[in-house]
1. Given the options THR88, THR56, THR45, state which has the largest fluctuation in a GNM of the chain using a 10 Å cut-off (strictly under) for Cα springs.
2. Could you give me the ³J(HN,Hα) list for the range 31-41, computed from phi with Karplus coefficients 6.51, -1.76, 1.60 and θ = phi - 60°, whole Hz, x at Gly and Pro?
3. Around SER97, which amide H atoms from residues at least 5 apart in sequence, or from another chain, sit under 5 Å from its own amide H, with H modelled in the peptide plane?
4. Any idea how far apart ARG98 and LEU32 come out in nm if each label point goes 7 Å out from Cα toward Cβ?
5. HN-Hα J couplings of the range 80-88 from phi, Karplus 6.51/-1.76/1.60, θ = phi - 60°, integer Hz, Gly and Pro as x?
6. Among ALA80, LEU32, THR45, which residue has its Cα positioned farthest towards the positive end of the charge dipole of the chain, with +1 placed on the Cβ of Lys and Arg, -1 on the Cβ of Asp and Glu, and the dipole taken about the Cα centre?
Amino acid sequence: MMDDLSLDRQVANEVLFRDRNSSVKNSLKDMLAPDVPIYFACECTRLDCEERIALTTEAFEALHRDRQQFVIKPGHETLAVENVVDTTPDYYVVRKSRPVPEAGEPE
């Protein structure tokens, strides 16, 4: 039971980073040209992670059309809660193997 809670907490951590990144994107989207990258926070499970990932707003939105998907730095994947579905030299796209709560929903 404690392991499940811990795994749910890890997913909730990633949701927290994704929601913060969405706020950053929404505040900057109209001020930047579409091809200008924004440096988003890595959406991994580690609350102390300070890594950044450069993505255009279009790329960010495409990656997150599926709410189960997150963007993380290579090596930051947590296979207990996610599977790597796409890789680039700069970032990985992971898909949660556990349900992802909606923004503001308790984990």
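Throughout, read-outs are computed from the coordinates displayed, never taken from laboratory work. Quick caveat, the model's predicted, so the values are computed rather than measured. Here Cβ is always computed from backbone atoms with ideal geometry, including for glycine, and neighbour counts include all displayed protein chains.
1. THR88
2. 8, 10, 5, x, 8, 8, x, 10, 8, 8, 5
3. GLU82, ASN83
4. 3.1
5. Ordered by residue, 3J(HN,Hα) equals 5, 10, 7, 10, 6, 10, 7, 9, 9 Hz.
6. Sorting the options by dipole projection puts first LEU32.
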